[in-house]
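One structure below.
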Amino acid sequence: MTKWYDNLPWILRLIMAIFLGYPLAIVIRVLRFVDSKNVVTLVAAILAIPFGFVFWLIDLITTIIGQGICVLAA
């Protein structure tokens, strides 16, 4: 389900991470949980609700580096 996001050009992922970072952090992790059934990913999605700024910052840094959303989103 998240292949569409992974296949986007880097600049588009960066723009999405800047402007839609908080909801994107939650949605991507929930969709990756549906794909992988990894409970850690679901817990990270739940924690992203109250701690959204931290996840936004981590996702922004990893997107700038070029890896995309990868921390706690296996």
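General observations
- Evaluation of GLN67 against the conditions (1) buried (at least 18 other Cβ atoms within 10 Å of the Cβ); (2) out of contact with any Phe, Trp or Tyr (no Cβ under 8 Å at 6 or more places or on another chain); (3) at pLDDT below 85 shows that the sole unmet condition is (1).
- For the stretch 45-70, the set of residues classified as in a loop (DSSP other than H, G, I, E, B) and either basic (Lys, Arg) or within 24 Å of PRO9 (Cα to Cα) (or both) consists of GLY66, GLN67, GLY68, ILE69, CYS70, listed by residue number.
- Output for the stretch 30-39, where each listed residue is of a type outside the set (S, T, N, Q) and either within 12 Å of GLY68 (Cα to Cα) or outside any helix (DSSP H, G or I) (or both): LYS37
- Here LEU42, LEU8, LEU12 are screened, and the one residue that is assigned to a helix (DSSP H, G or I) and in contact with a helix residue (DSSP H, G or I) (Cβ under 9 Å, 6 or more places away or on another chain) is LEU42.
The values are calculated or read from the model by the stated rules, or taken from the named source; none is laboratory data. All figures in this text were calculated on a predicted structure; none of them were measured in a lab. Positions of Cβ are backbone-derived with ideal geometry, glycine not excepted, and every protein chain shown enters the neighbour counts.
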